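**Student:** So that we are looking at the same thing, I have put the structure below in C-alpha coordinates.
The values are calculated or read from the model by the stated rules, or taken from the named source; none is laboratory data. The structure displayed is predicted, hence computed values, not measured ones. Note that each Cβ is placed from the backbone with ideal geometry, even for glycine, and that neighbours are counted across all protein chains shown. What goes into the accessible areas is simple: the full protein's heavy atoms, side chains included, and nothing from ligands, DNA or RNA. Shrake-Rupley method; radii C 1.70, N 1.55, O 1.52, S 1.80 Å.
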Amino acid sequence: MGNLLRILLNPETPSKGSDIFVDFESAEPTDREQETWNLVQEVLVSARSILKELKGYVGASEEIRLAISNPRDEFLQEKAWEAVCPLVAKLKMFYEFSLKLEQVIPKLLKVLCSEDMTPKEHLEEQQALFKQFAEILDFVLKFDDLKMTNPAIQNDFSYYRRTLSRRKMANEDEFHEGEVAVSNEMANRMSLFYAQATPMLKTLSDITSHFVSQHKELPVEQTTDCLSTMANICRVMIENPVYNSRFKSDETKFFCLRVMVGVIILYDHVHPVGAFAKTSGIEVKSSIKLLKDQEPGKVEGLLNALRYTTKHLQDESTPRQIKTLLA
(Lines give C-alpha, C1' and ligand atoms only; values in the text may rest on other atoms or scores of the structure.)
Protein backbone atom coordinates (compact mmCIF):
# COMPACT_ATOMS: atom_id res chain seq x y z
CA MET A 1 0.00 0.00 0.00
CA GLY A 2 2.93 2.30 0.69
CA ASN A 3 3.97 2.18 -2.97
CA LEU A 4 0.51 3.24 -4.08
CA LEU A 5 0.48 6.16 -1.66
CA ARG A 6 3.86 7.34 -2.93
CA ILE A 7 2.47 7.40 -6.46
CA LEU A 8 -0.69 9.23 -5.43
CA LEU A 9 1.15 11.79 -3.35
CA ASN A 10 3.88 12.24 -5.95
CA PRO A 11 2.26 12.30 -9.42
CA GLU A 12 5.66 12.31 -11.13
CA THR A 13 6.43 8.83 -9.80
CA PRO A 14 5.82 6.31 -12.59
CA SER A 15 3.35 3.56 -11.74
CA LYS A 16 4.50 1.20 -14.46
CA GLY A 17 6.01 -2.00 -13.06
CA SER A 18 5.26 -1.14 -9.42
CA ASP A 19 3.98 -4.00 -7.29
CA ILE A 20 0.94 -2.35 -5.69
CA PHE A 21 -2.06 -3.92 -4.02
CA VAL A 22 -4.43 -2.73 -1.29
CA ASP A 23 -5.97 -5.68 0.50
CA PHE A 24 -9.56 -4.54 1.02
CA GLU A 25 -10.58 -8.20 1.07
CA SER A 26 -8.60 -9.62 3.97
CA ALA A 27 -6.59 -6.96 5.86
CA GLU A 28 -6.21 -7.98 9.51
CA PRO A 29 -5.89 -5.56 12.47
CA THR A 30 -2.56 -4.93 14.14
CA ASP A 31 -2.30 -4.85 17.93
CA ARG A 32 -2.57 -1.06 17.80
CA GLU A 33 -5.80 -1.24 15.78
CA GLN A 34 -7.41 -4.11 17.66
CA GLU A 35 -9.45 -2.22 20.27
CA THR A 36 -11.09 0.14 17.78
CA TRP A 37 -11.44 -2.68 15.23
CA ASN A 38 -13.42 -4.77 17.75
CA LEU A 39 -15.88 -1.92 18.41
CA VAL A 40 -16.46 -1.25 14.73
CA GLN A 41 -16.66 -4.93 13.80
CA GLU A 42 -19.57 -5.47 16.16
CA VAL A 43 -21.52 -2.80 14.28
CA LEU A 44 -20.50 -4.18 10.87
CA VAL A 45 -21.83 -7.62 11.80
CA SER A 46 -25.20 -5.98 12.54
CA ALA A 47 -24.97 -4.08 9.23
CA ARG A 48 -25.06 -7.34 7.28
CA SER A 49 -28.28 -8.45 8.98
CA ILE A 50 -29.80 -4.99 8.43
CA LEU A 51 -29.17 -5.24 4.68
CA LYS A 52 -30.62 -8.75 4.60
CA GLU A 53 -33.79 -7.54 6.36
CA LEU A 54 -34.11 -4.56 4.03
CA LYS A 55 -33.63 -6.68 0.90
CA GLY A 56 -36.47 -8.93 2.07
CA TYR A 57 -38.76 -6.03 3.04
CA VAL A 58 -42.21 -6.57 1.53
CA GLY A 59 -44.64 -3.83 2.44
CA ALA A 60 -48.31 -3.95 3.38
CA SER A 61 -49.45 -2.10 0.24
CA GLU A 62 -52.41 -4.36 -0.49
CA GLU A 63 -53.72 -4.34 3.08
CA ILE A 64 -53.36 -0.55 3.24
CA ARG A 65 -55.09 -0.11 -0.13
CA LEU A 66 -58.08 -2.19 0.98
CA ALA A 67 -58.31 -0.38 4.32
CA ILE A 68 -58.27 3.05 2.67
CA SER A 69 -60.81 1.96 0.04
CA ASN A 70 -63.17 0.63 2.72
CA PRO A 71 -62.92 3.06 5.65
CA ARG A 72 -66.03 1.66 7.40
CA ASP A 73 -64.86 -1.94 7.34
CA GLU A 74 -63.35 -2.50 10.80
CA PHE A 75 -62.00 -5.92 9.85
CA LEU A 76 -59.93 -4.46 7.00
CA GLN A 77 -58.77 -1.58 9.21
CA GLU A 78 -57.53 -4.01 11.84
CA LYS A 79 -55.95 -6.28 9.24
CA ALA A 80 -53.96 -3.38 7.78
CA TRP A 81 -52.87 -2.25 11.25
CA GLU A 82 -51.71 -5.75 12.17
CA ALA A 83 -49.80 -6.01 8.89
CA VAL A 84 -48.04 -2.67 9.19
CA CYS A 85 -47.00 -2.81 12.88
CA PRO A 86 -44.24 -5.45 12.52
CA LEU A 87 -42.98 -3.66 9.42
CA VAL A 88 -42.66 -0.38 11.29
CA ALA A 89 -40.85 -2.24 14.07
CA LYS A 90 -38.29 -3.22 11.39
CA LEU A 91 -38.03 0.40 10.24
CA LYS A 92 -37.36 1.34 13.86
CA MET A 93 -34.56 -1.23 13.95
CA PHE A 94 -33.00 0.32 10.82
CA TYR A 95 -33.23 3.80 12.34
CA GLU A 96 -31.69 2.65 15.62
CA PHE A 97 -28.79 1.18 13.67
CA SER A 98 -28.05 4.68 12.34
CA LEU A 99 -27.71 5.77 15.98
CA LYS A 100 -25.09 3.03 16.48
CA LEU A 101 -23.14 4.54 13.59
CA GLU A 102 -23.27 7.89 15.37
CA GLN A 103 -21.58 6.23 18.35
CA VAL A 104 -18.83 4.32 16.56
CA ILE A 105 -17.80 6.41 13.53
CA PRO A 106 -16.32 9.32 15.54
CA LYS A 107 -14.14 6.80 17.40
CA LEU A 108 -12.97 5.35 14.10
CA LEU A 109 -12.28 8.78 12.60
CA LYS A 110 -10.37 9.85 15.70
CA VAL A 111 -7.93 6.97 15.22
CA LEU A 112 -7.70 7.30 11.43
CA CYS A 113 -7.22 11.08 11.41
CA SER A 114 -5.14 11.73 14.51
CA GLU A 115 -2.17 14.09 14.24
CA ASP A 116 0.39 11.60 15.57
CA MET A 117 0.71 10.35 11.98
CA THR A 118 0.36 11.92 8.57
CA PRO A 119 -2.60 10.82 6.40
CA LYS A 120 -0.11 8.80 4.37
CA GLU A 121 1.19 7.00 7.47
CA HIS A 122 -2.36 6.31 8.67
CA LEU A 123 -3.24 4.71 5.36
CA GLU A 124 -0.04 2.70 5.29
CA GLU A 125 -0.26 1.38 8.83
CA GLN A 126 -4.01 1.06 9.50
CA GLN A 127 -5.31 -0.93 6.54
CA ALA A 128 -7.73 -2.97 8.66
CA LEU A 129 -9.42 0.17 10.03
CA PHE A 130 -9.61 1.77 6.60
CA LYS A 131 -11.12 -1.47 5.33
CA GLN A 132 -13.79 -1.12 8.03
CA PHE A 133 -14.42 2.51 7.08
CA ALA A 134 -14.76 1.36 3.47
CA GLU A 135 -17.23 -1.34 4.57
CA ILE A 136 -19.33 1.28 6.37
CA LEU A 137 -19.43 3.39 3.19
CA ASP A 138 -20.36 0.30 1.20
CA PHE A 139 -23.21 -0.48 3.61
CA VAL A 140 -24.47 3.11 3.54
CA LEU A 141 -24.75 3.24 -0.25
CA LYS A 142 -26.35 -0.22 -0.46
CA PHE A 143 -28.89 0.66 2.24
CA ASP A 144 -29.88 3.92 0.59
CA ASP A 145 -30.19 2.33 -2.83
CA LEU A 146 -32.53 -0.33 -1.43
CA LYS A 147 -34.54 2.31 0.44
CA MET A 148 -34.95 4.53 -2.62
CA THR A 149 -36.15 1.65 -4.79
CA ASN A 150 -38.77 0.43 -2.31
CA PRO A 151 -41.66 2.93 -2.09
CA ALA A 152 -43.49 0.62 0.34
CA ILE A 153 -41.20 1.81 3.13
CA GLN A 154 -42.47 5.39 3.08
CA ASN A 155 -46.01 4.24 2.35
CA ASP A 156 -46.09 1.84 5.33
CA PHE A 157 -44.59 4.40 7.69
CA SER A 158 -46.96 7.19 6.61
CA TYR A 159 -49.97 4.91 7.05
CA TYR A 160 -48.74 3.85 10.49
CA ARG A 161 -48.37 7.44 11.69
CA ARG A 162 -51.83 8.46 10.43
CA THR A 163 -53.47 5.40 11.96
CA LEU A 164 -51.59 5.79 15.24
CA SER A 165 -52.85 9.35 15.56
CA ARG A 166 -56.42 8.31 14.71
CA ARG A 167 -56.43 5.41 17.17
CA LYS A 168 -55.03 7.63 19.90
CA MET A 169 -57.80 10.21 19.37
CA ALA A 170 -60.53 7.55 19.24
CA ASN A 171 -59.37 5.77 22.41
CA GLU A 172 -57.71 8.56 24.36
CA ASP A 173 -58.64 7.18 27.80
CA GLU A 174 -57.50 3.62 27.06
CA PHE A 175 -54.59 4.29 24.70
CA HIS A 176 -51.11 3.40 25.96
CA GLU A 177 -48.14 4.18 23.74
CA GLY A 178 -46.12 1.40 25.37
CA GLU A 179 -48.43 -1.11 23.70
CA VAL A 180 -47.71 0.00 20.12
CA ALA A 181 -44.80 -0.96 17.86
CA VAL A 182 -43.39 2.57 17.77
CA SER A 183 -44.35 5.46 20.06
CA ASN A 184 -45.39 8.81 18.62
CA GLU A 185 -42.17 10.42 19.88
CA MET A 186 -40.03 7.75 18.22
CA ALA A 187 -42.11 8.01 15.03
CA ASN A 188 -41.37 11.74 14.89
CA ARG A 189 -37.63 11.08 15.08
CA MET A 190 -37.87 8.31 12.49
CA SER A 191 -39.84 10.61 10.22
CA LEU A 192 -36.87 13.00 9.95
CA PHE A 193 -34.64 10.05 9.05
CA TYR A 194 -36.89 8.49 6.40
CA ALA A 195 -37.80 11.85 4.87
CA GLN A 196 -34.26 11.91 3.45
CA ALA A 197 -33.78 10.37 0.00
CA THR A 198 -30.53 8.83 1.26
CA PRO A 199 -30.93 8.64 5.06
CA MET A 200 -27.79 6.66 5.90
CA LEU A 201 -25.60 8.85 3.70
CA LYS A 202 -27.06 11.95 5.33
CA THR A 203 -26.30 10.40 8.74
CA LEU A 204 -22.71 9.62 7.74
CA SER A 205 -22.14 13.09 6.26
CA ASP A 206 -23.53 14.74 9.39
CA ILE A 207 -21.36 12.57 11.65
CA THR A 208 -18.21 13.37 9.68
CA SER A 209 -18.97 17.11 9.51
CA HIS A 210 -19.73 17.14 13.23
CA PHE A 211 -16.48 15.29 13.95
CA VAL A 212 -14.49 17.97 12.10
CA SER A 213 -16.33 20.86 13.78
CA GLN A 214 -15.99 19.32 17.26
CA HIS A 215 -12.24 18.69 16.95
CA LYS A 216 -10.94 22.21 16.45
CA GLU A 217 -7.45 21.04 17.39
CA LEU A 218 -7.42 18.81 14.31
CA PRO A 219 -6.83 20.57 10.97
CA VAL A 220 -9.65 19.90 8.49
CA GLU A 221 -6.98 18.82 6.00
CA GLN A 222 -6.00 15.92 8.26
CA THR A 223 -9.42 14.39 7.65
CA THR A 224 -9.95 15.47 4.05
CA ASP A 225 -6.47 14.34 2.95
CA CYS A 226 -7.25 10.87 4.25
CA LEU A 227 -10.55 10.89 2.35
CA SER A 228 -9.05 12.16 -0.91
CA THR A 229 -6.23 9.62 -0.83
CA MET A 230 -8.75 6.86 -0.17
CA ALA A 231 -10.86 7.92 -3.16
CA ASN A 232 -7.82 8.00 -5.43
CA ILE A 233 -6.69 4.58 -4.19
CA CYS A 234 -10.04 3.04 -5.11
CA ARG A 235 -9.99 4.61 -8.58
CA VAL A 236 -6.41 3.49 -9.34
CA MET A 237 -7.13 -0.05 -8.19
CA ILE A 238 -10.02 -0.34 -10.67
CA GLU A 239 -8.35 1.47 -13.58
CA ASN A 240 -5.19 -0.61 -13.51
CA PRO A 241 -5.84 -4.16 -14.78
CA VAL A 242 -2.74 -5.48 -12.98
CA TYR A 243 -4.21 -4.42 -9.63
CA ASN A 244 -7.83 -5.44 -10.15
CA SER A 245 -6.82 -8.83 -11.58
CA ARG A 246 -5.65 -9.67 -8.06
CA PHE A 247 -9.13 -9.27 -6.56
CA LYS A 248 -10.33 -12.63 -5.29
CA SER A 249 -13.97 -11.69 -5.95
CA ASP A 250 -15.64 -9.80 -8.81
CA GLU A 251 -17.72 -7.98 -6.18
CA THR A 252 -14.55 -6.25 -4.92
CA LYS A 253 -14.52 -4.04 -8.03
CA PHE A 254 -18.01 -2.72 -7.27
CA PHE A 255 -17.08 -2.44 -3.61
CA CYS A 256 -14.23 -0.10 -4.62
CA LEU A 257 -16.56 1.91 -6.87
CA ARG A 258 -19.08 2.39 -4.05
CA VAL A 259 -16.35 3.36 -1.61
CA MET A 260 -14.86 5.81 -4.12
CA VAL A 261 -18.24 7.53 -4.55
CA GLY A 262 -18.97 7.52 -0.82
CA VAL A 263 -15.62 9.12 -0.05
CA ILE A 264 -16.14 11.80 -2.72
CA ILE A 265 -19.51 12.70 -1.18
CA LEU A 266 -18.08 12.82 2.34
CA TYR A 267 -15.18 14.97 1.17
CA ASP A 268 -17.63 17.31 -0.55
CA HIS A 269 -19.58 17.78 2.68
CA VAL A 270 -16.56 18.21 4.93
CA HIS A 271 -14.12 20.28 2.84
CA PRO A 272 -14.91 24.03 2.68
CA VAL A 273 -14.63 24.19 -1.15
CA GLY A 274 -15.87 20.66 -1.79
CA ALA A 275 -14.74 17.79 -4.00
CA PHE A 276 -15.45 19.31 -7.41
CA ALA A 277 -13.19 22.37 -7.31
CA LYS A 278 -9.93 22.25 -9.29
CA THR A 279 -8.03 22.49 -6.00
CA SER A 280 -9.69 19.32 -4.71
CA GLY A 281 -7.38 16.48 -3.79
CA ILE A 282 -9.64 14.06 -5.70
CA GLU A 283 -9.55 13.46 -9.45
CA VAL A 284 -13.32 13.70 -9.72
CA LYS A 285 -13.48 13.89 -13.51
CA SER A 286 -11.52 10.65 -13.85
CA SER A 287 -13.72 9.05 -11.20
CA ILE A 288 -16.93 9.99 -13.04
CA LYS A 289 -15.53 8.74 -16.35
CA LEU A 290 -14.61 5.47 -14.66
CA LEU A 291 -18.21 5.07 -13.45
CA LYS A 292 -19.55 5.79 -16.93
CA ASP A 293 -17.25 3.14 -18.39
CA GLN A 294 -18.96 0.43 -16.36
CA GLU A 295 -21.74 -1.82 -17.61
CA PRO A 296 -24.94 0.24 -18.16
CA GLY A 297 -27.37 0.04 -15.25
CA LYS A 298 -24.80 -1.28 -12.75
CA VAL A 299 -23.72 2.08 -11.35
CA GLU A 300 -26.63 4.44 -12.07
CA GLY A 301 -27.36 4.63 -8.34
CA LEU A 302 -23.78 5.78 -7.71
CA LEU A 303 -23.98 8.45 -10.40
CA ASN A 304 -27.28 9.63 -8.90
CA ALA A 305 -25.64 9.80 -5.48
CA LEU A 306 -23.04 12.19 -6.93
CA ARG A 307 -25.76 14.20 -8.69
CA TYR A 308 -28.19 14.57 -5.82
CA THR A 309 -26.40 14.09 -2.47
CA THR A 310 -23.28 16.21 -2.92
CA LYS A 311 -23.12 19.77 -1.61
CA HIS A 312 -20.97 21.71 -4.10
CA LEU A 313 -21.79 20.27 -7.54
CA GLN A 314 -23.69 23.36 -8.65
CA ASP A 315 -21.12 25.82 -7.28
CA GLU A 316 -19.54 28.28 -9.73
CA SER A 317 -16.15 26.79 -8.90
CA THR A 318 -17.21 23.39 -10.28
CA PRO A 319 -15.77 22.97 -13.81
CA ARG A 320 -18.39 22.87 -16.57
CA GLN A 321 -16.97 19.56 -17.80
CA ILE A 322 -17.87 17.86 -14.54
CA LYS A 323 -21.38 19.32 -14.54
CA THR A 324 -21.84 18.09 -18.12
CA LEU A 325 -20.60 14.62 -17.28
CA LEU A 326 -23.18 14.36 -14.49
CA ALA A 327 -26.01 16.07 -16.37
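**Student:** Can you give the extra length, in nm with one decimal, that the chain gains between N70 and V273 once fully stretched, where that is 0.36 nm per residue apart less the Cα-Cα distance?
**Tutor:** Net length gain for the segment: 67.7 nm.
**Student:** Can I ask one more? Compute the acute angle (0 to 90°) between the alpha-carbon long axis of helix 152-170 and the principal axis of greatest extent of the alpha-carbon atoms of the chain; round to the nearest 10°.
**Tutor:** 40
**Student:** Provide, as a two-decimal number, the C-alpha radius of gyration of the stretch 138-297 over 2.2 N^0.38 Å, N being how many residues it has.
**Tutor:** 1.39
**Student:** For the chain, set up a Gaussian network in which alpha carbons nearer than 10 Å are linked by springs, and say which option among L39, L313, L291 fluctuates the most.
**Tutor:** So, out of L39, L313, L291, the one fluctuating most is L39.
**Student:** Another one. First select every other residue whose beta carbon is under 15 angstrom from the beta carbon of R235; then total the charges, Lys and Arg +1, Asp and Glu -1.
**Tutor:** +2
**Student:** Pick from E135, E295, E124 the residue whose mean-square fluctuation is largest in a GNM of the chain, springs joining Cα atoms under 10 Å.
**Tutor:** Among E135, E295, E124, the largest GNM mean-square fluctuation belongs to E295.
**Student:** About its Cα centre, how strong a charge dipole does the stretch 84-175 have in debye, to the nearest 20, once Lys and Arg get +1 and Asp and Glu get -1 at the Cβ?
**Tutor:** Charge dipole, the stretch 84-175, about its Cα centre: 580 debye, nearest 20.
**Student:** Of all accessible surface on the stretch 193-327 at a 1.4 Å probe, what whole percent is carbon and sulfur?
**Tutor:** So the carbon and sulfur contribution to the accessible surface is 49 percent.
**Student:** Still on this structure: Please list K216, K289 in order of solvent-accessible area, largest first, computed with a 1.4 Å probe with all protein chains present.
**Tutor:** Per-residue accessible area, sorted high to low, gives K216, K289.
**Student:** Let me check against my output: what whole-number percent is the relative contact order of the chain, with C-alpha pairs under 8 Å and at least 6 apart?
**Tutor:** Rounded, it is 19 percent for the chain.
**Student:** If you don't mind, there's one more thing I want to ask. Under the definition of Cα pairs under 8 Å and six or more residues apart, what whole-number percent is the relative contact order of the stretch 213-264?
**Tutor:** This gives 45 percent for the stretch 213-264.
**Student:** Report the net charge of residues surrounding S280, where surrounding means a beta-carbon distance below 14 angstrom and charges are Lys +1, Arg +1, Asp -1, Glu -1.
**Tutor:** Spelling it out: positives minus negatives among the neighbours equals -1.
**Student:** Averaged per residue, what accessible surface does the chain expose to a 1.4 Å probe, in Å²?
**Tutor:** Per-residue value: 51 Å².
**Student:** For the chain, which cysteines have no disulfide-compatible partner, meaning no other cysteine Cβ under 4.7 Å?
**Tutor:** Singleton cysteines: C85, C113, C226.
**Student:** With unit charges on the beta carbons (Lys and Arg positive, Asp and Glu negative) and the dipole taken about the Cα centre of the chain, which residue among T208, P151, S114 sits farthest to the positive side?
**Tutor:** Final value for the positive-end residue is P151.
**Student:** Let me ask something additional. What is the sum of charges around F143, taking Lys and Arg as +1, Asp and Glu as -1, for the other residues whose C-beta is under 12 Å from the C-beta of F143?
**Tutor:** Its environment carries a net charge of +3.
**Student:** Using a probe of 1.4 angstrom, how much of the accessible area of the stretch 61-168 is carbon and sulfur, in percent?
**Tutor:** Looking at the stretch 61-168 in its full context, I get 52 percent from C and S.
**Student:** Moving on to the next point. Give me the base-10 log of I(q)/I(0) for the stretch 94-162 at each q in 0.17, 0.21 Å⁻¹, Debye formula, one uniform scatterer per Cα, rounded to two decimals.
**Tutor:** Here the Debye-derived log intensity ratios amount to -0.74, -0.94.
**Student:** Tell me which of V180, Q222, I238 sits at the most positive position along the dipole axis of the stretch 172-261, charges placed on C-beta atoms (Lys, Arg +1; Asp, Glu -1).
**Tutor:** I238
**Student:** Let me ask something additional. Return the single residue from H210, H269, H122 with maximal mean-square fluctuation; model: Gaussian network over the chain, springs between Cα atoms under 10 Å.
**Tutor:** Highest fluctuation of the listed residues: H210.
**Student:** How far is it, in nm, from the label point at K292 to the one at K248 when both lie 7 Å from their Cα along the line to the Cβ?
**Tutor:** 3.6
**Student:** On a 0 to 90 degree scale, rounded to 10, what angle separates helix 127-148 from the longest Cα axis of the chain?
**Tutor:** Approximately 40 degrees, to the nearest ten.
**Student:** Something else now. In terms of modelled amide H atoms, which long-range or inter-chain residues lie less than 5 Å from the amide H of H215?
**Tutor:** none
**Student:** Can you compute log10 of I(q)/I(0) for the stretch 23-141 with the Debye formula, treating each Cα as one identical point scatterer, at q = 0.12, 0.22 Å⁻¹?
**Tutor:** Cα-only, vacuum Debye calculation for the stretch 23-141: -0.58, -1.18.
**Student:** Okay, moving on. Cα-Cα over 31 Å: which of K107/K292; K142/K311; K142/K168?
**Tutor:** K107/K292; K142/K168
**Student:** In debye to the nearest 20, how big a dipole does the chain give about its Cα centre with +1 on each Lys and Arg Cβ and -1 on each Asp and Glu Cβ?
**Tutor:** Charge dipole, the chain, about its Cα centre: 1040 debye, nearest 20.
**Student:** Still on this structure, I have one more. Based on the Cβ-Cβ distance of V58 and E239, what FRET efficiency does E = 1/(1 + (r/R0)^6) give at R0 = 51 Å, to the nearest 0.05?
**Tutor:** That pair, V58 with E239, gives E of 0.85.
**Student:** Report the relative contact order of the stretch 117-238, percent, no decimals, based on alpha-carbon pairs under 8 angstrom and at least 6 residues apart.
**Tutor:** 39
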